[in-house]
Amino acid sequence: MVQAREHWSSKMGFILAAAGSAVGLGNIWRFPYVTGENGGGAFLLIYLAIVFTIGLSLLVAELLIGRSTQRDAARAFKESAGGAWPLVGYMGILTAFLILSFYIVIAGWTVAYTVKSLTGTILASGTEEVGAVFTGFISDPIEPVIYTAIFLGLTVFVVVGGVASGIERAARYLIPVLFIILVVLALRSVTLEGAGEGLSFFLKPDFSKVGWDTFLAALGQAFFSLSLGMGAMITYGSYMRRDDAIVGSAASVATLDALVAVLAGFVVLPAVFAFGAEPSAGPGLTFITLPSIFAQMPFGAIFSALFFFLLAIAALTSAVALFEVVVSYFTAGDPARRKSVTLWVGVTSFVLAVPTSLSMGVWSGYTIGGKPLLDALDFFTNNITMPLGGLLIAIFAGWVLRRHVVDELGANGALVSAWQFVIRFVAPVAIAVILIAGLI
């Protein structure tokens, strides 16, 4: 007997939940430092152009696959085409689970830094001192694991509530709070003395700094920030009702996702320039450079706590989506199994998260391909399985999934033709470039 599938209670609920899936550490942690590494304004323009062409087209494809079948990531491919195509869905589920195992570790850091901001233990004027605090924290065998467990508990609490009562309800509260905090922090950052240089860097394109690497970085950032290639949007699309618009909803999700990234740029880059820090500081910009900047600001502890709380919210909404990809498959559409499956997935992900956390400290000597477990999982998913999944989804949607595509999209012929051109020709080439570049 086929169980009645859960659905979002409203279009807005779906948009907020899907935006929560897309909005994550990639938007607020990764986007500012990647922008800083790639010249600022020119990178921003290229990134936005790619989001609303290639990124949006692939997002529409994933939602189309999910809504048309009303099935999880693996069964959606089985019902649509069969053959070997369900392997794409299985790879997405595996990718989501592997990302979850290290994502909750990093997310635990954001919870810890929210607390440590209020106590002042991470606020120091020198980046070397702050860097030592960060290194000491992530290499500790106990404390990061505790914060990982706390964050995981929050994720399980949301997912066990179900699609409408858990995921959607959480998104209705968390996404508006996220935007409010972003705007408050952005206003504070752009009004700092000396912030003008950072604003100019971020908003004034300098195309003399644009090279092949800039396009590649923008393509990768747009692809990863939209949660593509991991089954999340197929899963969320499967909870859409038959009459929910795909194209309009996808455009709203892409817009909210890009808006968060841009606001994060306004939060970070003006402050970095105002205090003479280096915008291309890489991943350490968030956990090392910014705390040293907050230490020099009036009420710095409060703004630091707000920033890391913001990161924690973004991480939670994305972790919920990753969790749901796995839960959706193992419940097979049966809401009665949600509680037991959610708890089982939570325990399993925590079991893998513990060695992932320890790989940054006491187990750092045990490596895979010369990388600690956390970095190895990050490399494998971000450089191989996600782009490979995206590539295969683009091929599937453009060349295999021909049945009722026009009716399913509910858009005019010209728009469908434009989407088909991008998904058939532009997206596969662009994603293949990401995949190849990530392996060399």
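Please report the accessible area of F273 (heavy atoms, 1.4 Å probe, ligands and nucleic acids excluded) in Å², nearest 10.
40
How high is the relative contact order of segment 1-95? Use alpha-carbon pairs under 8 Å, at least six apart in sequence, and give a whole percent. Each step should come with its number before you reach the end.
On the way: 35 pairs, mean separation 12.9, N = 95.
Taking the mean separation of contacting Cα pairs over the length of segment 1-95, I get 14 percent.
Say each of L259 and Y90 gets a label point 7 Å from the Cα, pointing the same way as Cα to Cβ; how far apart are those two points in nm?
4.1
Let me spell out the model: positive unit charges on the Cβ of Lys and Arg, negative unit charges on the Cβ of Asp and Glu, origin at the Cα centre of segment 356-431. What dipole size does that give, in debye rounded to 20?
Working: 4 positive and 4 negative charges, 40 e Å.
About 180 debye.
Provide the per-residue ³J(HN,Hα) series for segment 309-318, in order, calculated from phi with Karplus coefficients 6.51, -1.76, 1.60 and θ = phi - 60°, each as a whole number of Hz, with x at glycine and proline positions.
5, 4, 4, 5, 4, 4, 5, 5, 5, 6
Between helix 86-119 and the chain, what is the angle of the helix's C-alpha long axis to the longest principal axis, kept within 0 to 90° and rounded to the nearest 10?
Around 30 degrees separate the two axes.
Going toward the positive end of the dipole of the chain, with +1 on Lys and Arg Cβ and -1 on Asp and Glu Cβ, which of L219, V253, A353 do you reach last?
With unit charges placed on the Cβ atoms, the residue in question is V253.
Pick from V272, V88, V210 the residue whose mean-square fluctuation is largest in a GNM of the chain, springs joining Cα atoms under 10 Å.
Of V272, V88, V210, the most mobile in the Gaussian network model is V210.
Using 0.36 nm per residue, how much length does the chain from T367 to L415 gain when fully extended, once their Cα-Cα distance is taken away? All intermediate terms of the calculation are to be shown ahead of the outcome.
Numbers: separation 48, 0.36 × 48 = 17.28 nm, distance 4.81 nm.
Length difference between fully extended and current span is 12.5 nm.
About the Cα centre of the chain, what is the dipole size in debye to 20, counting +1 per Lys and Arg Cβ and -1 per Asp and Glu Cβ, all else neutral?
Numbers: 22 positive and 24 negative charges, 235 e Å.
Dipole magnitude for the chain comes out near 1140 debye.
Set Lys and Arg Cβ to +1 and Asp and Glu Cβ to -1, take the dipole of the chain about its Cα centre, and tell me which of F379, V88, L263 lies farthest positive.
The listed residue farthest towards the positive side: V88.
When N is the residue count of the chain, what does its C-alpha Rg come to as a fraction of 2.2 N^0.38 Å? Write out the running numbers ahead of the final one.
Values: Rg = 20.9 Å, N = 440, 2.2 N^0.38 = 22.2 Å.
Normalised Rg, Cα atoms only: 0.94.
Which angle from 0 to 90°, rounded to the nearest 10, does the C-alpha axis of helix 143-159 make with the longest principal axis of the chain?
Computed tilt is about 40 degrees.
With a 1.4 Å probe and all protein chains left in place, how much accessible area per residue does the chain have, in Å²?
Details: 16560 Å² over 440 residues.
Heavy-atom accessible area per residue stands at 38 Å².
Accessible area of segment 229-307 with a 1.4 Å probe: how many percent of it is carbon plus sulfur?
Values: 1470 of 2210 Å².
Roughly 66 percent of what the probe reaches on segment 229-307 is carbon or sulfur.
Under the rule of -39500 (n - 2.57) per DSSP H run of 4 or more residues, summed and divided by the residues of the chain, what mean residue ellipticity at 222 nm is obtained, to the nearest 500 deg cm²/dmol? Walk me through the intermediate numbers first.
On the way: 21 runs with 298 residues, N = 440.
When only DSSP H runs of four or more count, the value is -22000 deg cm²/dmol.
If R67, R337 are ordered by their accessible area, calculated over protein heavy atoms with a 1.4 Å probe, which sequence runs from highest to lowest? Display every interim value, and only then the final one.
Numbers: R67 15, R337 105 Å².
These residues rank, largest area first, as R337, R67.
Cα gyration tensor of segment 154-226, axes a ≥ b ≥ c as square roots of the eigenvalues: rounded (a/c below 1.5), prolate (a/b > b/c) or oblate?
Details: a/c = 4.65, a/b = 1.63, b/c = 2.85.
Taking the square roots of the gyration eigenvalues as a ≥ b ≥ c, segment 154-226 is oblate.
Heavy-atom accessible area of W109 with all protein chains present, probe 1.4 Å, nearest 10 Å²?
In the full protein context, W109 sits at about 20 Å².
Calculate how steeply helix 56-69 sits against the longest principal axis of the alpha-carbon atoms of the chain, using the helix alpha-carbon long axis, and give the answer as 0 to 90 degrees to the nearest 10.
The helix 56-69 is inclined about 40 degrees to the chain.
Roughly how far apart, in whole Å, are the Cα centres of segment 29-77 and segment 253-282?
Each part reduced to its Cα centre gives a spacing of 18 Å.
Full extension from I146 to S208: what is 0.36 nm times the residue separation minus their Cα-Cα distance, to one decimal in nm? Spell out each step's value before the answer.
Working: separation 62, 0.36 × 62 = 22.32 nm, distance 4.69 nm.
Working it through step by step, the gained length comes to 17.6 nm.
Let me know the shape class of segment 311-414, please: from the alpha-carbon gyration tensor, a ≥ b ≥ c as square roots of the eigenvalues, rounded when a/c is under 1.5, otherwise prolate if a/b is greater than b/c, or oblate. If you can, show how the numbers build up before the last one.
Numbers: a/c = 2.70, a/b = 1.57, b/c = 1.72.
It is oblate, given that a/c is not under 1.5 and a/b is not larger than b/c.
Could you tell me which of rounded, prolate or oblate describes segment 98-236, using a ≥ b ≥ c as the square roots of the eigenvalues of the alpha-carbon gyration tensor, with rounded for a/c under 1.5 and, failing that, prolate when a/b is larger than b/c and oblate otherwise? Kindly include the intermediate steps, with their values, before the conclusion.
Values: a/c = 1.58, a/b = 1.17, b/c = 1.35.
Verdict is oblate for segment 98-236.
Relative contact order for the chain: what is it in percent, counting Cα pairs under 8 Å that are at least 6 residues apart? Could the numbers behind the result be given before it?
On the way: 730 pairs, mean separation 155.5, N = 440.
The value is 35 percent.
Per q in 0.17, 0.18 Å⁻¹, report the Debye log10 I(q)/I(0) for segment 47-144, using one uniform scatterer on each alpha carbon and no solvent.
Debye curve over Cα of segment 47-144, log10 I(q)/I(0) at q = 0.17, 0.18 Å⁻¹: -0.84, -0.88.
Kindly sort R424, R75, R338 by accessible area of their heavy atoms, largest first, with the probe set to 1.4 Å.
Working: R424 60, R75 80, R338 10 Å².
The ordering from most to least exposed comes out as R75, R424, R338.
Quote the relative contact order of segment 228-354 in percent (integer), defining contacts as alpha-carbon pairs under 8 Å separated by 6+ residues.
Working: 36 pairs, mean separation 29.7, N = 127.
Relative contact order here is 23 percent.
How would S139, S101 rank on accessible area, largest to smallest, probe 1.4 Å?
Working: S139 40, S101 0 Å².
The ordering from most to least exposed comes out as S139, S101.
I need the phi-derived Karplus couplings for segment 367-376: 6.51 cos²θ - 1.76 cosθ + 1.60, θ = phi - 60°, integer Hz, Gly and Pro marked x.
Result, ordered by residue: 10, 10, x, x, 10, x, 3, 4, 5, 5 Hz.
Could you point to the residue in W363, L45, Y33 farthest towards the positive end of the chain's charge dipole, with +1 and -1 charges on the Cβ of Lys/Arg and Asp/Glu respectively?
Farthest towards the positive pole: L45.
If you stretched the chain out fully between W399 and F52, how much longer would it get, using 0.36 nm times the residue separation minus the C-alpha to C-alpha distance? Walk me through the numbers on the way to the answer.
Working: separation 347, 0.36 × 347 = 124.92 nm, distance 2.13 nm.
That pair, W399 and F52, stretches by 122.8 nm at full extension.
The values are calculated or read from the model by the stated rules, or taken from the named source; none is laboratory data. Predicted model only: the values in this text are computed from it and were never measured. Backbone-built Cβ (ideal geometry, glycine too); neighbour counts: all protein chains shown. To get the accessible areas, we keep the full protein, side chains included, count just its heavy atoms, and leave off ligands, DNA and RNA. Shrake-Rupley method; radii C 1.70, N 1.55, O 1.52, S 1.80 Å.
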